[in-house]
Amino acid sequence: MRPILDDRLRAPEKRNPTMVPLKRRRVVSSCDSSTSDVSNTNNNRIKFQQQVLFLLERKMGSSRRAFLTRLGRSKGFRIEERFSESVTHVISENNSGDEVWAWLNSAQEEGGHHGQPPAPPAVRLLDISWYTESMHEGRPVEIQDRHTLQEPQQNAEELPLFSVPSYACQRSTTLHSHNLLLSDALSVLAQSAELAEDEGRGVAFRRAAAVLNFLPKAISAAEHLRGLPSLGEHSLRVVQEILEDGSSREVESTKQSDQYRAMKALTGIFGVGVKTAHRWFKLGIHTLAQLEDSGQALNHTQQAGVQHYSDLNQPVTKAEADAIGHLVETAVVAVSPGAQVTLIGGFRRGKVTGHDVDFLLTHPEEGKEDGLIFKVVAWLEAQGLLLYQKITKNSYLESKEGPSRSASTMDRFERCFSIFRLDQEERSEEGRSLDDGKETQKAWRAVRVDLVVSPKSQYAFALLGWTGSKLFERDLRRWAGHERSMSLSSHALFDIKQGKHLRADSEEEIFAHLGLDYIPPSGRNA
Ligand code: CTP
Ligand code: MN
Ligand code: MN
């Protein structure tokens with residue numbers, strides 16, 4: 001007859017049903033030493049020094065873990081309360097190997113270790129059966145296949161071991177994604193949510209897509225993503241479906257839906273936001289042609305948007321961006337010698353195409369940038385280079401910016417949203433061929449251009465704020481607020497605890513103020 005102890009060794013579900021089940025506490029981390037049973041010092045002499053055991057509380061429950069720990073220690077086993085690098089055996093119950101790895105990843109992250117978890121051969125992931133058999137034998141039994149959750153070799157070869165910090169500004173995300181098929185699918189859902197004015201849902205899918213783009217290799221199973229930040233059940237479900245069936249029904253039906261297509265077409269018009277597009281959609285206007293036939297009143301910006309619709313929906317190439325950059329520099333040098341022009345936005349991050357071209361203008365002498373935008377735009381207009389322009393004056397006053405205001409996503413620089421007329425000579429050969437078959441070849445194309453002017457003292461903040469990506473910017477501000485009690489904008493960084501602004505002459509200094517490792521523009525493609 002087996003002693004009572006044996007019954008308690010069994011997993012809770014398999015125990016005698018008349019026993020009162022041990023209540024499973026919700027515990028954030030198995031490392032939590034608040035479970036006093038477990039944290040009792042080990043009064044028993046350790047007989048087996050080589051095996052350093054760690055019992056994972058996840059799914060086991062704290063009481064059962066405490067019981068098993070006491071039992072093991074009484075038999076001379078070395079059992080750690082916290083996971084550390086010295087652990088050689090991780091014991092878990094009802095967990096898959098992937099789940100244990102995911103837990104180890106997140107435990108490392110919470111502990112402030114952003115590196116990879118220990119390499120597979122260093123730690124064995126074992127099922128509780130190895131432990132219970134060892135208890136019966138009174139010594140660590142030989143590890144059999146049936147005890148192991150994963151073959152160590154297989155771990156190294158097939159299982160991506162990911163450690164993903166939760167803020168995009170803590171990670172370097174390049175343009176070379178290994179999971180573009182998956183992240184593109186999630187981006188469709190993100191866009192669909194944004195077009196439905198559900199910003200929270202939109203950001204959630206954007207974050208999930210960004211994590212996939214960060215991973216160092218292509219993932220082959222959704223389980224490998226369990227435990228990673230920002231990947232909620234919905235995103236995981238979509239990923240799983242694509243990996244198993246090749247596509248996601250939800251994503252495909254979204255792409256085909258009338259509302260998604262119409263909203264995309266209408267917001268694709270420069271000057272048309274989600275609200276306006278939605279109002280038109282409800283009136284039965286789903287396409288540009290229907291809009292033109294509808295007799296809807298269009299503002300000046302929207303008229304330009306309609307007029308240059310096809311050009312503005314054709315991606316701008318890097319060659320075209322460089323040609324525009326040349327024009328802007330010529331204009332700036334002509335009206336304000338000494339003033340500087342910097343390419344910002346997606347092209348600064350290394351993108352090869354964009355929906356527009358963004359430039360930041362400044363002058364080394366503080367104050368000399370004041371009014372620069374008017375002079376530059378007047379010069380460009382005189383050359384016949386602008387098809388549309390709208391200038392916004394600078395409305396930023398540091399003295400008026402408190403922590404409550406300066407975190408706004410909208411900055412208040414002097415700026416100009418414009419449409420350039422780019423001569424065909426400046427265009428690449430590929431760009432030229434796209435127009436073939438359409439009317440007679442146009443001698444120019446329309447290109448959206450954003451010009452922003454900042455005083456030298458705010459230049460580093462403007463550069464950081466306008467280089468993007470949008471998600472990277474969002475997470476920089478979130479990090480500043482939540483993790484550092486600071487408020488970051490494209491104008492300044494305000495330390496709320498110290499009650500003062502922190503100066504910076506470079507992006508590197510801003511990252512340093514924020515306690516972040518510097519990430520170059522090419523790594524900000526989250
Ligand atoms: N931005 C901003 N305020 C605006 C518009 C844009 O601060 N009113 C910032 C965005 O946060 C982004 C950068 O300017 O970081 C560039 O914006 P945008 O041109 O829209 O995006 P890109 O990243 O350049 O992407 P694309 O290549 O499609 O232009
Ligand atoms: Mn841009
Ligand atoms: Mn832009």
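Quick rundown of the values:
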read-out: Alpha-carbon centroids, region 251-278 and region 308-357: separation in whole Å; value: 27 Å
read-out: Accessible area per residue, Å², region 197-246 with all protein chains present, probe 1.4 Å; value: 46 Å²
read-out: Derived scalar couplings ³J(HN,Hα) [region 242-250; Karplus, 6.51 cos²θ - 1.76 cosθ + 1.60; whole Hz; x for Gly, Pro]; value: 5, 5, 8, 10, x, 7, 10, 4, 4
read-out: For region 257-307, size of Cβ-based charge dipole, Lys and Arg +1, Asp and Glu -1, in debye; value: 220 debye
read-out: Rounded to whole Hz, the Karplus (6.51, -1.76, 1.60) HN-Hα couplings of region 363-370, x for glycine and proline; value: 9, x, 9, 3, x, 6, 7, 4
read-out: Distant-in-sequence amide H partners of Asp358 (H built 1.01 Å from N, under 5 Å); value: Ile344, Phe347, Asp450
read-out: Anchor Lys59: lysines whose Cα lies under 18 Å away (excluding residues fewer than 8 positions away in-chain); value: Lys14, Lys23
read-out: Within straight-line cross-link reach of Lys282, lysines at Cα separation under 20 Å, skipping those fewer than 8 residues along the same chain; value: Lys255, Lys264
read-out: Accessible surface of region 257-307 [probe 1.4 Å, protein heavy atoms]: carbon and sulfur percent; value: 49 percent
read-out: Charge tally in the Cβ shell below 15 Å around Ala304, where Lys, Arg are +1 and Asp, Glu are -1, Ala304 excluded; value: -1
read-out: Residue-wise HN-Hα coupling along region 480-490, computed from phi with Karplus coefficients 6.51, -1.76, 1.60 (Hz; x: Gly, Pro); value: 4, x, 7, 9, 10, 6, 10, 10, 10, 9, 6
read-out: Residue-normalised accessible area of region 257-307, given per residue in Å² at a 1.4 Å probe; value: 55 Å²
read-out: Counting all C-alpha pairs of region 342-403, share separated by more than 18 Å (%); value: 56 percent
read-out: Packing-based order for 446-458, 338-350, 189-201, using average beta carbon neighbours within 10 Å, highest first; value: 446-458, 338-350, 189-201
read-out: Cut-off under 5 Å, modelled amide H: who pairs with Asn525 long-range; value: Thr173
read-out: Under 22 Å from the Cα of Lys375 - lysines, other chains or at least 8 residues apart; value: Lys390, Lys393, Lys456
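The values are calculated or read from the model by the stated rules, or taken from the named source; none is laboratory data. The shown structure was predicted, so the numbers you read here are calculated from the model rather than taken from an experiment. Cβ atoms come from the backbone with ideal geometry, glycine included; neighbour counts cover every protein chain shown. To get the accessible areas, we keep the full protein, side chains included, count just its heavy atoms, and leave off ligands, DNA and RNA. Shrake-Rupley method; radii C 1.70, N 1.55, O 1.52, S 1.80 Å.
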